[in-house]
Amino acid sequence: MKLLVDDTRHTLDLEATIALQSILPRMLEFAEGSPITRLWVPKIAVGFFAGRTFRAGLDFRRAPYRWIGSAEEWTGSGRVHLHLKDDRDLVDLLQGDAVAIRPGYGIWHVAGLLKFQTFANRFQTFLRMGTLGKKEIKDCLFQARLLLDLTLDAAIHVAAQDPWLKSMGSTGPAGWAHFGLRGLSGEQIDRWIYRSVEGVLKVCRSEPEAGAAVSLIFPTPEAAISLISQATDSSSGTALGQVEVRGFIPLADALNLVFDQIPRYTPPLI
Amino acid sequence: MSEGFGASIPKSKALFERARQVIPGGIYGHVQPSATIPGVFPYFAERGEGGYYWDVDGRKILDLMCGYGPLILGYHHQEIEEAAAIQRAKGLVFNHPASLSVELAEKLVDRVGFADWTVFGKNGSDMTTWAIQVAREHTKRSKIAVVSGAYHGVDAWCTPGKGGLILEDRVHIHTFEWNNLDSLQSLFSDYAKQFAAVVVTPFHHPAFGESELPHEGFLDDLEQLCHREGVLLVLDDIRAGFRLHAGGSHRPYGFEPDLSCYCKALANGYSISATAGKEEFRKAATRVFLTGSYWNNPVPMAASLACLEIIARESVPEHLEQMGLRLQSGISAVAKAAGVDVRWSGPPSMPYLSIRDDPNLYLIQEFAAKSLDRGVFFHPHHNWFLSQAHKEKEIDLAIEVAGDVFRSLQNG
């Protein structure tokens, strides 16, 4: 019996899904996240192609910025096409690696393209908790929020497609888990993720009527970043109060099992 | 961290900081802090006496978990310690088993009634895993049936964790529903003549959920079904063994397993486990390799001989039941007076407390946290364990604290 986790094609598919559907949308949030980042936004739309196939696009031409997932919606002026050899190169690019890009349609928007490149680099740096030079924005809560959103979003795809998780059987506890990110001034950002008995996940940004079966509160942004990026293991983080867990712990464990698999498909986040 | 987190356990926290540098996760397994209430329950213990223990922060805690089961007579029981000390003075590990191993095997065979032989290990998993190998050796079949949600140890075929597992680890492990013989019969039909063993606990005690006693006739019918199908019935009596009955848990429930695994209460905290089996499986048992560096250590055997003796001589299971009933009725009364609706499940000597309309355990966790602050260890999501060291005084203290806490919960 062969385990599918050795199937590199399958792994690449999931990497690409996460890169396009979880990491790219975070770039929009990064753009809209603070007055400084808004200044960095290029006024173009960038489309990512694997070969000749449109895979996804980011539209920064006017607010609200948009993530575009279908070729039918990929219209209008101010578009730049970035052609990558294949999904592998596309994933590597979106994970911050240097790959060969063949600019296509819209190449004459050179200034916008260069601005996008700078913007994308800043996003990658921010996501990895680096500083941003003279224009450094120091906002741990914002960074924690981006990481949490990326993680929850990626978890949906990993839960659905990771071959090892599927081989282990997905049946488990169902319910909503509440994640709370506390800022240093007392503000709190909340997210909810639902797990079905079959292990299907969905994310929500407003409190579900059913209430949360388990609550995970990060008392500081630094703690959240450390745990979400898996720099600190969840067992230690819980014992040290970096995350306060209350409620139906098996649900948190079931989600954690999914979160644990995410780094297989994403770049190291710190 | 949030202000005040772990304020009552500074030494535990400091020790944990050191632990996580050199131990993955700091503390692992069922005693990891996240299994109780982190920041409130102790992380490290210092010493114990009778029904109490002291954590590294010097707090005296009434222990209703008994080390998660082994301490059936309480901490530092004099007669047990003396028996162990006598053997310890003679030697710890030899090139051969000590004569005590024969004495203990004879004692267990005699005590459990259904069995003709016994072997020894160190932990529960040693025995459950060995038992299914014996079943496979005897039947030359592959499949094992277990109850959904049951815990049988940490080996790949049964661990509740998933890390490190591969698909093949569980290919031959199938689940059926507790108290539902049809669900097992259905498995037997789907995989005719492929099952080697059915592994069950005497009552169902899933983690984070209420315990379930066997329905009338369930275990007896299960025994009959297994015999008809040529499948070994393996009793995992690791957790409950000798707590419900001095002769093992099959006795009060009126059935006979083919193999039965024991551990926790066998030696009052000394590390030993055992499997007892019927004559017809002796040959298979001799063919399944069984050993370990310390499995012939006679000190736990000395402790076990003394422990089994005391359990029968002093009617310990009956005492545990009495104290359990006192605890249940007392806590139910103070809860009701405070307007809290509680329910009990499982046998009185291993009670599981839950609060009605608290499906996600928030209230029981708050109850457990506040009780620990007042010096009583009520586990929020695991069955509790009573010991012989718990007398009326300890039980009444637990009830008093529970009453205080329930009142405080109702007062917000």
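The values are calculated or read from the model by the stated rules, or taken from the named source; none is laboratory data. If you're wondering where the values come from, they're calculated on a predicted model, not measured in any experiment. Cβ placement follows ideal geometry from the backbone for every residue including glycine, while neighbour counts extend to all protein chains displayed. Ligands, DNA and RNA are stripped out before the accessible areas are found, and what is left, the full protein with its side chains, is counted by its heavy atoms. Shrake-Rupley method; radii C 1.70, N 1.55, O 1.52, S 1.80 Å.
Taking the criterion of being free of Cβ contacts under 8 Å to residues at least 24 places away in the same chain, closer than 15 Å to A:L148 by Cα and in a loop (DSSP other than H, G, I, E, B), the only residue of the range A:177-205 that qualifies is A:R205. Taken together, the residues in the range B:327-353 that are among the basic types (K, R) and in contact with a Lys or Arg (Cβ under 9 Å, 6 or more places away or on another chain) amount to 1.
Rundown of residues vs (1) surrounded by fewer than 17 Cβ atoms within 10 Å (Cβ to Cβ); (2) in contact with a Leu (Cβ under 9 Å, 6 or more places away or on another chain); (3) assigned by TED's automatic domain parsing to the domain that holds A:L20, yes/no style:
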| position | (1), (2), (3) |
| --- | --- |
| A:F48 | no, yes, yes |
| A:I68 | no, yes, yes |
| A:H83 | no, no, yes |
| A:D97 | yes, no, yes |
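Within the bounds of the range B:347-354, is there any residue that is of a type outside the set (G, A, S) and over 23 Å from the mean Cα position of the chain (by Cα)? No. For B:S148, the conditions (1) among the hydroxyl-bearing types (S, T, Y); (2) buried (at least 18 other Cβ atoms within 10 Å of the Cβ); (3) within 22 Å of B:H205 (Cβ to Cβ) are fulfilled apart from (2). Residues in the range B:326-383 that are of a type outside the set (A, V, I, L, M, F, W, C), assigned to a loop (DSSP other than H, G, I, E, B) and within 14 Å of chain A (Cβ to nearest Cβ): B:D357, B:D358, B:P359, B:N360, B:H379, B:P380, B:H381, B:H382. Using the structure shown, decide if B:T139 is in contact (Cβ under 8 Å) with a residue 60 or more places away in the chain and open to solvent by 20 Å² or more (accessible area, probe 1.4 Å). When the stated conditions are applied, B:T139 passes them. Does B:A85 satisfy the condition of being of a type in the set (A, V, I, L, M, F, W, C), outside any loop (DSSP other than H, G, I, E, B), surrounded by fewer than 16 Cβ atoms within 10 Å (Cβ to Cβ) and at pLDDT 95 or above? It is true that B:A85 is of a type in the set (A, V, I, L, M, F, W, C), outside any loop (DSSP other than H, G, I, E, B), surrounded by fewer than 16 Cβ atoms within 10 Å (Cβ to Cβ) and at pLDDT 95 or above.
The number of residues in the range B:269-294 that are assigned to a loop (DSSP other than H, G, I, E, B), under 20 Å from the mean Cα position of the chain (by Cα) and of a type outside the set (A, V, I, L, M) comes to 3. The set of residues from the range B:36-70 being open to solvent by 20 Å² or more (accessible area, probe 1.4 Å) and within 17 Å of the chain's Cα centre (by Cα) comprises B:G67, B:Y68, B:P70.
Conditions first: (1) modelled with pLDDT of 95 or more; (2) within 7 Å of another protein chain (Cβ to nearest Cβ); (3) farther than 24 Å from B:F385 by Cα. B:P38 passes all but one, so which condition is the exception? Failing condition for B:P38: (3).
Selection within the range A:173-217: residues that are in contact with an Asp or Glu (Cβ under 9 Å, 6 or more places away or on another chain) and among the hydroxyl-bearing types (S, T, Y). The member of this set that is least open to solvent (accessible area, probe 1.4 Å) is A:S215. Annotation note: of A:W74, A:W40, the sole residue that is surrounded by 13 or more Cβ atoms within 10 Å (Cβ to Cβ), among the hydrophobic types (A, V, I, L, M, F, W, C) and closer than 22 Å to A:L150 by Cα is A:W40.
The criterion of at least 1 residues that are closer than 21 Å to A:I262 by Cα and either within 14 Å of chain B (Cβ to nearest Cβ) or without any contact (Cβ under 8 Å) to a residue 12 or more places away in the chain (or both) is met by the following helices (runs of 4 or more DSSP H) wholly inside the range A:1-112: A:8-18, A:87-94. Put simply, of B:S315, B:S349, B:S271, B:S332 the only residue that is of a type in the set (G, A, S), out of contact with any His (no Cβ under 6 Å at 6 or more places or on another chain) and open to solvent by less than 10 Å² (accessible area, probe 1.4 Å) is B:S349. For the range B:88-131, name all the residues that are under 25 Å from B:G254 (Cβ atoms), of a type in the set (K, R) and out of contact with any Gly (no Cβ under 8 Å at 6 or more places or on another chain). The answer is B:K107, and nothing else. Among the residues of the range A:212-260, just one is more than 8 Å from chain B (Cβ to nearest Cβ) and at positive phi, namely A:Q230.
Selection of the range A:134-161 for residues being farther than 18 Å from A:V203 by Cα and either among the basic types (K, R) or within 14 Å of chain B (Cβ to nearest Cβ) (or both) yields A:K134, A:K135, A:K138.
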